[in-house]
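Heads up: the structure comes next, in structure tokens.
The values are calculated or read from the model by the stated rules, or taken from the named source; none is laboratory data. Everything numeric in this text was worked out from a predicted model, so none of it was measured. A quick note on method: Cβ atoms are made from the backbone with ideal geometry, for glycine too, and the neighbour counts reach across all protein chains shown.
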Amino acid sequence: MTPRSKVRRTLVRKEVIERMRGELLEAARSGEVMTYGHLMQRYRFSRGRALSRAIGEVDVMESREGAPGFAAIIVRKDTRLPGGGFFVGPDIPRALTRRAERGCDPRLTRDEESYVRREQKTIWEFYSRDRRRSSG
């Protein structure tokens with residue numbers, strides 16, 4: 001990869017992250033969820049791992065601003081809940097944290113589902129109140 005193409009790729013990536021953040025911000029303000037499939041198709045991610053990294057970047061940006069992020073409102077189409085990989089992250093309560101090899105299991109326990117519902121409520125309430133936050 002040439003230095004020029006690396007810069008171009010970084011700029012496009014930053015633009016995609018900003019656009020994704022704006023779309024997630026609107027969903028959060030509206031009390032809605034967004035599917036992994038929609039984001040993968042819209043932003044042309046060919047693999048879930050790339051999408052997970054992008055979601056992580058958006059959530060780090062939000063965290064720096066004291067906001068809860070969006071990961072809990074990004075869901076599977078079939079269950080309307082995040083996948084098991086949601087519970088592999090570092091910000092999950094220890095009792096709910098999954099090992100990486102269980103991250104591919106989409107089935108959630110009752111405790112995991114309750115945690116997601118609380119997180120979703122927190123996200124929707126935060127962003128519906130905080131209208132000053134820009135989408136771009």
Of all residues in the range 49-62 being small (Gly, Ala, Ser) and within 18 Å of Val116 (Cβ to Cβ), which is surrounded by the fewest Cβ atoms within 10 Å (Cβ to Cβ)?
Gly56
Please verify whether Arg21 is modelled with pLDDT of 90 or more, in a helix (DSSP H, G or I), surrounded by 10 or more Cβ atoms within 10 Å (Cβ to Cβ) and not aromatic (Phe, Trp, Tyr), treating the condition exactly as stated.
yes
Condition check for Met40: in contact with a Gly (Cβ under 8 Å, 6 or more places away or on another chain) and within 20 Å of Lys14 (Cα to Cα):
yes
Would you confirm whether any residue within the range 47-66 is under 18 Å from Phe126 (Cβ atoms), modelled with pLDDT of 95 or more, assigned to a loop (DSSP other than H, G, I, E, B) and of a type in the set (Gly, Ala, Ser)?
no
Looking at the range 99-136 only, could you name the residues that are at pLDDT 90 or above, more than 17 Å from the chain's Cα centre (by Cα) and basic (Lys, Arg)?
Arg99, Arg102, Arg107, Arg110
